[in-house]
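The values are calculated or read from the model by the stated rules, or taken from the named source; none is laboratory data. In this text the structure is predicted, and so the values were computed from the model without any measurement. Cβ sites come from the backbone with ideal geometry, for glycine too, and all protein chains shown count toward neighbours. Heavy atoms of the whole protein, side chains included, go into the accessibility calculation; ligands, DNA and RNA do not. Shrake-Rupley method; radii C 1.70, N 1.55, O 1.52, S 1.80 Å.
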Amino acid sequence: MEKSLRNVASKKRFLHLVPIAFITYSLAYFDRANYSFGAAGGMAHDLNITTGVASFLSALFFLGYFFFQIPGAAYAEKRSAKKLVFVSLILWGLLASATGLVHNVAWLYPIRFFLGVVESAVMPAMLVFLSNWFLKEERSRANTFLILGNPVTVLWMSIVSGYLLKVLDWRGMFIVEGIPAIVWAFFWWKLVENKPEEAKWLTDEEKENIASEMKEEQKGMIKVAGYKEMFRNKTVLILAVQYFAWSIGVYGFVMWLPSMIKAASHMDIVATGWLSAAPYLLATIGMIAVSYFSDKTLNRKTFVWVSLLIGTIAFYGSYLIGSSNFWFSYALLVIAGGAMYAPYGPFFAIMPEILPKNVSGSANAFINSMGALGSFVGAYIVGFLNGATGSTQASFIFMAISLLVSVLLTLMVRAKKQASPLAPENLEAKAVLK
């Protein structure tokens with residue numbers, strides 16, 4: 001395909017699909033992360049939730065998320081990502097709203113667990129969906145705009161949830177915030193198709209060109225007969241452990257940031273919401289910039305480890321400062337949050353570039369399931385350390401160590417050099433992990 005036609009076709013797919021993917025993952029993350037605001041906004045008091053129980057409830061979501069990642073990816077690869085996401089949207093909206101109806105903490109255990117089960121299908125299904133539509137030099141940006149649903153959602157959710165808690169209460173917040181996912185499910189069903197050949201908004205020529213280029217990409221792949229062989233791949237295993245350590249830092253941060261800020265600053269819940277939003281604004285900017293340069297250079301590895309090293313240093317700096325200077329410590333937390341999110345796009349672009357399509361989605365799901373396990377550990381231990389020590393210092397050093405481990409594991413991944421895809425002579429070059 002000529003470069004000009006290729007760019008037009010790419011833009012057409014981006015404008016149609018990426019906003020839909022963004023909104024879908026935003027709603028998933030919305031109903032996942034608002035628990036931290038509910039806990040800080042009165043739920044813990046009303047239901048007599050102790051610090052230990054609160055930590056377990058924050059983490060329980062990720063147990064359900066962990067167990068059903070790979071089955072979700074397998075269904076999306078072999079059958080339909082579209083159907084899987086449609087059903088998931090409706091179920092997680094219902095479960096999220098049900099959180100606002102509980103009057104006994106015992107009901108929160110199954111709700112949080114099954115919310116994790118339902119949402120576990122979304123990330124791998126969406127990654128499979130995008131890999132069916134976007135080529136290697138587009139994938140990091142497509143993945144980034146998907147995962148931008150995470151920090152952008154927390155950015156505005158932090159503010160909206162703060163106001164809803166003030167105007168209604170934590171029950172009203174959960175009920176109201178579960179409804180959009182149910183409504184969006186029907187828009188999703190109407191607007192997307194699993195693969196380009198099924199889309200009515202593409203011309204026959206565009207469908208043929210995409211299919212041809214997808215087929216060409218697969219020619220350079222090492223054949224992987226099945227999932228057992230995938231699990232023997234050293235890079236897959238290293239990145240799974242790396243993502244486990246990375247997610248400890250991310251979700252320890254996400255789940256407990258509002259409570260940590262409120263305790264340290266002694267501000268009300270609305271002000272806490274505004275302060276909690278700042279790291280996600282920086283994360284949004286960082287994710288867009290990092291994914292752009294990663295796709296431009298086809299460099300995945302360097303952008304991942306450098307970003308996470310910045311997060312490590314920022315967490316350690318916040319630990320050293322402690323409670324002596326809230327605003328300086330808070331500024332470092334903003335940097336840490338932004339840096340942890342920045343390399344998601346390049347990271348999830350790695351698997352489709354080193355494994356064939358029949359297993360790359362499940363490889364990403366396996367890695368993401370390890371991230372869910374890390375999220376469970378991070379959310380639980382950070383909450384435990386905050387309660388046991390009465391301060392955030394131990395939590396900061398714990399998250400810093402976790403990120404440092406992820407940096408070292410990223411550096412262990414072997415690299416191969418690859419010319420930029422933007423050079424005309426290399427537009428058809430095979431992408432490899434760099």
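Out of G64, G52, G42, one residue alone is in contact with an Asp or Glu (Cβ under 7 Å, 6 or more places away or on another chain) and part of a helix (DSSP H, G or I). It is G42. Of the listed requirements (1) open to solvent by less than 10 Å² (accessible area, probe 1.4 Å); (2) modelled with pLDDT under 90; (3) within 23 Å of P180 (Cβ to Cβ), L89 misses just one: (2).
Residues are listed down the side, and each one gets a yes or a no for (1) of a type in the set (S, T, Y); (2) assigned by the TED database to the domain that holds T50; (3) on the phi > 0 side of the Ramachandran plot; (4) out of contact with any Pro (no Cβ under 8 Å at 6 or more places or on another chain):
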residue: Y341; (1), (2), (3), (4): yes, no, no, no
residue: Y344; (1), (2), (3), (4): yes, no, no, yes
residue: A349; (1), (2), (3), (4): no, no, no, yes
residue: F366; (1), (2), (3), (4): no, no, no, yes
residue: A372; (1), (2), (3), (4): no, no, no, yes
residue: V377; (1), (2), (3), (4): no, no, no, yes
residue: I381; (1), (2), (3), (4): no, no, no, yes
residue: L385; (1), (2), (3), (4): no, no, no, yes
residue: V405; (1), (2), (3), (4): no, no, no, yes
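Among the conditions (1) of a type in the set (S, T, Y); (2) over 23 Å from T389 (Cβ atoms); (3) at pLDDT 90 or above; (4) in contact with a Leu (Cβ under 9 Å, 6 or more places away or on another chain), T312 misses just one, which is (2). Within segment 92-109, the set of residues being open to solvent by 10 Å² or more (accessible area, probe 1.4 Å), closer than 19 Å to W184 by Cα and not hydroxyl-bearing (S, T, Y) comprises L94, L95, A98. Going by what's in this entry, would M351 be described as crowded, with 24+ Cβ neighbours inside 10 Å and more than 19 Å from L155 (Cα to Cα)? Yes, satisfied.
Exactly one residue among A98, A74, A59 is at pLDDT 90 or above, in a helix (DSSP H, G or I) and of a type in the set (A, V, I, L, M, F, W, C), and that residue is A98.
Listed here are the residues, each with its yes/no results for (1) touching a Cys at 6+ places or on another chain (Cβ under 6 Å); (2) open to solvent by 10 Å² or more (accessible area, probe 1.4 Å); (3) closer than 15 Å to S36 by Cβ; (4) in a helix (DSSP H, G or I).
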| residue | (1), (2), (3), (4) |
| --- | --- |
| I111 | no, yes, no, yes |
| P124 | no, no, no, yes |
| N132 | no, yes, no, yes |
| R141 | no, yes, no, yes |
| T153 | no, no, yes, yes |
| Y163 | no, yes, no, yes |
| F174 | no, no, yes, yes |
| I182 | no, yes, no, yes |
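When restricted to residues that are open to solvent by 20 Å² or more (accessible area, probe 1.4 Å), over 11 Å from V407 (Cβ atoms) and part of a helix (DSSP H, G or I), segment 302-337 contains 14. In the set L155, L165, L148, only one residue is in contact with a helix residue (DSSP H, G or I) (Cβ under 8 Å, 6 or more places away or on another chain), under 15 Å from D268 (Cβ atoms) and assigned by the TED database to the domain that holds V118; that residue is L165.
So, A394, is that one outside the structural domain of Q69 (by the TED database), modelled with pLDDT of 80 or more and either more than 19 Å from the chain's Cα centre (by Cα) or of a type in the set (K, R) (or both) or not? When the stated conditions are applied, A394 passes them.
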